[in-house]
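Written below as C-alpha cells is the structure these notes are about.
The values are calculated or read from the model by the stated rules, or taken from the named source; none is laboratory data. Keep in mind that this is a model prediction, so the values were computed, not measured. Here the Cβ is made from the backbone with ideal geometry for all residues, glycine too, and neighbour counts use every protein chain on show.
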C-alpha cells in the first residue's frame, strides 16, 4: 500500500504556514505578487501576436499569483507562486503552485510557448505539494538540466493531490466524491493555459508524480492521451486502491491503468511515453512496475525504467533519476519552446 511507503521530506509545519499565509492575488496585491502572463509578465510584454500556424498559445486570462519562495539554479533566481483554484469543470477548490524556468523570462523567447510538467506529490499531498520544497530542489535541478541541455525548460505546475489528509482519491473522479481526476486533468491544465505561454500540441504536456501521485500520473496519461503525451511515474502503485471505490467497481475499472493501457493498445494510440523511476531498494514496487512494462509496454505504450542505484521510495531518489537520464528521454519525446 502506498500509504505507508512515502514520507515527505519537506518540513510540513513550514509549508503549512506558507499555504495559510499566501493566497490569490488581486489588483491591490503586495510587491510579492507575480504575473506570468500579460503586460507585467517580463518577456511577455515584448511578444508579438502569434502567426498563423504558430505552436505557441498566449495566456488567455492571466491572474495575479502570490510569491511564496525563490528558486536558485542556473545562475538565476525565479519565483514559485501560489493561487487558489476554483475548478469550473470539477467544482473542486484547492491550492496550486507554479514555476517558470529562467528561459521563460528571456526577451528572445517572448513569442515562444513552453512545455509544461504537472508535478504531483506522494502521500496525501495535502495541504501542500512538497515539490515546492527547497530540500528536494526539483525546480533548481530542472533549471540546471535545461542549461546543460539535458532537459527542455519546463513550466512546472504543482497542485494539491487530495482534498484532505484523511483519504486517498487516486487522482480520480470517484462517485460521490470531489472530482479530483477532472481537477488534475482539466482544471489545472486550463489554469496554466490561462496564465502562461504554452504549446497548443499535446507534445508540450507531461505529468509527473511520486507514490500516490505516481499512480495519478500513470492513470491520467493513459486516460487523457489527448492532453498528456508523457508521464513520469515515480515508485507508483499500478492499480486503484482507495477505500472510497467500495461499491463502485465499474468506475474503479475505468480508472485502472491496466485496463486503460489495454484499451489504448487495442485502438492503436495515440502513443504515450511512460518514464518510470524507482530506487533499487524499492523491493515491493519494482516487481509491479516491471510486470506492467512487460505486459503493456508495447505498441503505442512506450516505456522506460530508470533505476536509481541505492535509491529509496523518496523525492530525493526521483530527482536524482531525472538527472540520470529520465529528463533527456522525456525531452526527446516532447516539443521544446516554439513560436
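For the reader, a short list of remarks on this structure follows.
- Looking only at segment 164-180, and only at residues there that are outside any strand (DSSP E or B) and out of contact with any helix residue (DSSP H, G or I) (no Cβ under 7 Å at 6 or more places or on another chain), the one that is surrounded by the most Cβ atoms within 10 Å (Cβ to Cβ): 180
- Looking across segment 88-101, the residues that are surrounded by fewer than 18 Cβ atoms within 10 Å (Cβ to Cβ) and either in contact (Cβ under 8 Å) with a residue 60 or more places away in the chain or not in a strand (DSSP E or B) (or both) come down to 88, 89, 91.
- Checking each residue in segment 196-205 for being assigned to a helix (DSSP H, G or I) and crowded, with 24+ Cβ neighbours inside 10 Å picks out only 204.
- Hits in segment 182-191 - residues which are surrounded by fewer than 23 Cβ atoms within 10 Å (Cβ to Cβ) and farther than 15 Å from residue 83 by Cα: 182, 186
- Scanning segment 137-156 for any residue that is part of a strand (DSSP E or B) and touching a helix residue (DSSP H, G or I) at 6+ places or on another chain (Cβ under 8 Å) turns up at least one such residue.
- Qualifying residue in segment 124-132 (condition: without any contact (Cβ under 8 Å) to a residue 60 or more places away in the chain, closer than 30 Å to residue 178 by Cβ and part of a strand (DSSP E or B)): no
- Residue check for residue 242: modelled with pLDDT of 95 or more and either within 23 Å of residue 145 (Cβ to Cβ) or surrounded by fewer than 16 Cβ atoms within 10 Å (Cβ to Cβ) (or both): no
- Residue 296 fulfils the conditions (1) within 22 Å of the chain's Cα centre (by Cα); (2) in contact (Cβ under 8 Å) with a residue 24 or more places away in the chain; (3) more than 19 Å from residue 122 (Cβ to Cβ) except for a single criterion, (1).
- Residues that are farther than 17 Å from residue 233 by Cβ and not in a helix (DSSP H, G or I), drawn from segment 301-339: 309, 310, 335, 336, 337, 338, 339
- Check on residue 76, in contact with a helix residue (DSSP H, G or I) (Cβ under 6 Å, 6 or more places away or on another chain), in a loop (DSSP other than H, G, I, E, B) and touching a residue at least 24 places away in the same chain (Cβ under 8 Å): yes
- Of the residues examined, residue 251 is one that is at pLDDT 95 or above and over 12 Å from residue 222 (Cα atoms).
- Among all positions in segment 255-270, there is no residue which is without any contact (Cβ under 8 Å) to a residue 60 or more places away in the chain, touching a helix residue (DSSP H, G or I) at 6+ places or on another chain (Cβ under 9 Å), over 18 Å from residue 227 (Cα atoms) and crowded, with 21+ Cβ neighbours inside 10 Å.
- Restricting 190, 226 to those that are under 25 Å from residue 59 (Cβ atoms), at pLDDT 95 or above and out of contact with any helix residue (DSSP H, G or I) (no Cβ under 9 Å at 6 or more places or on another chain) reduces the list to 190.
Rundown of residues vs (1) out of contact with any strand residue (DSSP E or B) (no Cβ under 8 Å at 6 or more places or on another chain); (2) within 20 Å of residue 336 (Cβ to Cβ); (3) in a helix (DSSP H, G or I), yes/no style:
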site: 188; (1), (2), (3): no, no, yes
site: 194; (1), (2), (3): yes, no, yes
site: 207; (1), (2), (3): no, yes, no
site: 213; (1), (2), (3): no, no, yes
site: 217; (1), (2), (3): no, no, yes
site: 220; (1), (2), (3): no, no, yes
site: 225; (1), (2), (3): no, no, no
site: 232; (1), (2), (3): no, yes, no
site: 237; (1), (2), (3): yes, no, no
